[in-house]
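The values are calculated or read from the model by the stated rules, or taken from the named source; none is laboratory data. Please read these numbers as outputs of a predicted model, since none were measured by experiment. Methodologically, a virtual Cβ is constructed for each residue, glycine included, from the backbone with ideal geometry; neighbour enumeration extends over all protein chains shown. Side chains included, ligands, DNA and RNA excluded: accessible areas come from the protein's heavy atoms. Shrake-Rupley method; radii C 1.70, N 1.55, O 1.52, S 1.80 Å.
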Amino acid sequence: MVIAMNINEVYLRIIETENDSDVVKLAKKEVMVIPILINAMLDENNCRAQNILIDLSEQTPLLVYPYFQYIIQALDRYDNFTAWNTWRIIANLLIVDYLEMWEEIKDKYFAAFNSENIAEILVVVSTAKFIIKYKPKDKEKITILASECVNNEFKICNEPAPHLNTVAKQAVDEFFNNL
């Protein structure tokens, strides 16, 4: 007989577990781990929760996919880092996107290619190959946006940083080489 843990027990187990891979293993056995991690990501902007969710979405996308609607809330919250990690999670979930939830957020993804922030460009470019693999009808739009983003006016602390166009170009070249 399997006895499920209550939510407080699960929360404590996550906090007490130092190794993130052990939390991933726990999530595969205990259904409440994923909602607790999503809550930590959304309400506390918890980076550890984000990283564990990236791992879970990569290893077991079917476990995470039912929470897609909750996860995408992170795109509009807190800071850029949370949104960028959310794109990584979403890209991993597209392999199982049987409800076509990508359709409601893809315009946000496309808009991210216009960013002045090099880190955001690096994230959207690095996730593009997965998105194209699982959403091939968006390939043309993504490849055009990737080609154009190398000409963005990148900034660091609101100051122009034209040298970052080289960084963007390297990432885009790598993307096209691996396409």
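Worth pointing out:
- In Å, descending, principal axis extents of the Cα set of the range 36-110: 29, 26, 15
- Measuring gaps between exposed loop sites in the chain (GluC sites (Glu not before Pro); DSSP loop; at most 12 other Cβ atoms within 10 Å), the longest gap, sites not included, is 19-99.
- Note on Met101: accessible area is roughly 20 Å² with a 1.4 Å probe, heavy atoms of protein only.
- About its Cα centre, the chain has a charge dipole of approximately 460 debye under the convention of +1 per Lys or Arg Cβ and -1 per Asp or Glu Cβ, with nothing else charged.
- Considering only Ala74, Ala49, Ala161, the mean-square fluctuation computed in a Gaussian network model of the chain, springs between alpha carbons under 10 angstrom, is largest for Ala161.
- When the chain is treated as a GNM with alpha-carbon contacts under 10 Å, the residue of Asn45, Asn165, Asn19 showing the greatest mean-square fluctuation is Asn19.
- Whole-number D in µm² s⁻¹ for the chain, Kirkwood Cα-pair radius fed into Stokes-Einstein, 10 °C, 1.306 mPa s: 92 µm²/s
- Taking one quarter of the surface of the C-alpha convex hull of the range 76-132 gives a mean projected area of 3.8 nm².
- When the chymotrypsin sites (Phe, Trp or Tyr not before Pro) in the range 1-108 are filtered for DSSP coil states and for at most 16 other beta-carbon atoms within 10 Å of their beta-carbon, the remaining sites are Tyr78, Tyr98.
- The chain: angle of helix 102-112 to the longest principal axis, Cα-based, in degrees nearest 10: 50 degrees
- Selection of trypsin sites (Lys or Arg not before Pro), the range 16-119, meeting DSSP coil and at most 13 other Cβ within 10 Å: Arg77
- Lys/Arg +1, Asp/Glu -1 at C-beta; the range 1-139 dipole; positive extreme among Val24, Leu12, Tyr98: Tyr98
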